[in-house]
Structure formats: structure tokens, C-alpha cells
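The numbers here are math on the coordinates, done by the rules we state, and not lab data. Worth saying up front: this structure is predicted, and the values here are computed from it rather than measured. Note: ideal-geometry Cβ built from the backbone for every residue, glycine included; neighbour counts use all protein chains shown.
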């Protein structure tokens, strides 16, 4: 005789269970109850102003393997779609195990890294550089300069006026993460990269932002400044042979 499992309908008095110390709803009813509790707490970003929005945000967090409250703090709703911001994209890339190394810094017009070691901390910052390496050995480098930002109509934005160094770095990093480890981010937008928004502008409310023009994504559109080193044909062949992806660096004239 086959034993039938008894299915009990969970009512509003059924406690929501914990998994590893985190509330884990078992069905939609419990998810809505948890969402209502979070909404009443007023401890979540204002953009999540209905239980339904909170449930959808919880689902995004689940897909990204993020604790619900942690994810909701760093998911911005921009033009009706979720975007990650701050260091969360980098955290997800490392957490996935796909990204094993990342180097980033800002540089001057001559391409010199601005650092204590180089004794040039007071020099004018011209661009941000980022280099990442995947677990399988693939490497990608990216730069983003003030001239690139001007071409994309970014310099007039609040974050670019107040925090240009951060934004140049985030922009170069965002390009590396989105192209080198897209499988770690599941295709979700990065606020600083896709919309040119600084974290200080994200105040927990849903934003409507016009995306900046992207006119220098392809290698053929890279600026070739006299002060910057130019790669030779042999350099270019070596880069392609080593499966390195270089976007934002000056190529052969």
C-alpha cells in the first residue's frame, strides 16, 4: 500500500522557518508575509514600497545567491529594472569563483599609475584602469578616461563632478566584469557602468535615468593620444594569441 504524504496548507499563524539563521519562506504566501513584515519595519530602501516588489527583489537575491536584506541594500531600481551598484558586482564575481584576480588604479595623461610609490598623488587624474583574470586563465584589460566620459555626456552628472576618481575606476571595472565574467552577474546592469550613477545618488528610491551614450565600446573607436603608448602589430598578435581581451587601450594606428 502506497503511503500518501499529507499536505498541510500553511496559514498565517505558521512560523516562517529559518535556514542558516536566515528567514526562508516556503511558498508564495510565506514570502508575502515576510515581505509585509519587512515593509512595516521601514528598514529597507524606499523603492521597495509594496510586498509584491519586495518578493520580486527577494527572488533576484535568490538567483544571485545573496542574503535578501544584503541584496536589497545594493540593488537599485533604475528605469523599472534592477541594477547592482557599489562593490556588490565585484563581490559576486569573486564569490562565484570565476574571477580570481583584479588590479585597478587611476593614471595621469602619460599613463603613469598614480600612487604613493610613484610620488605623484597630486598629479591630475586622467583615467581609470582595470585588469581582471578568470579562473580559466582568460584576461581582460580596460581603461576609461575623462575624454571618454565627456564623449558619453557623463561629466555633468553629480557623481562625476564629486567623485571622478571613483567613477573612472568603476567604469573601467564594470566593463571588465560585464565582459569577462557575465556568468557571475546573470546579465544584471551595473549602475555606475550602464547609467553613470554614483552610489551617493542612490538613496533607496526608484530612479528614472537616461542612459549615457556609449560610443567607444569597440576597439576601432579607441582614442589614440600622442602621450599614450601605441601597440605594434606584433604586440597585437601576441595579445590575440594569449586570448587577452583588451578594450579601451590604444591599438595600432
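Spatially, region 45-103 and region 174-193 are offset by 12 Å when compared through their Cα centroids. Gyration tensor analysis over the Cα atoms of region 46-160 returns equivalent ellipsoid semi-axes of 33, 20, 12 Å (largest first, whole Å).
The listed peptides 45-55, 85-95, ordered by packing as a protection proxy, come out as 85-95, 45-55 (highest mean of other Cβ atoms within 10 Å first). On the beta carbon distance between residue 135 and residue 70, with R0 = 22 Å, the FRET formula returns roughly 0.40. Diffusion of region 21-63 by Stokes-Einstein, at 20 °C in a medium of 1.002 mPa s and with Rh set to the Kirkwood radius over alpha-carbon pairs, works out to 206 µm²/s.
A P(r) calculated from all alpha carbon pairs of region 106-196, with 10 Å bins opening at zero, reads 17, 44, 31, 8, 0 percent. Take each peptide in 121-127, 157-163, count the other Cβ atoms within 10 Å of every residue, and average; sorted highest first, the result is 157-163, 121-127. Counting every other Cβ atom within 10 Å of each residue's Cβ, 145, 36 order from fewest to most as 36, 145.
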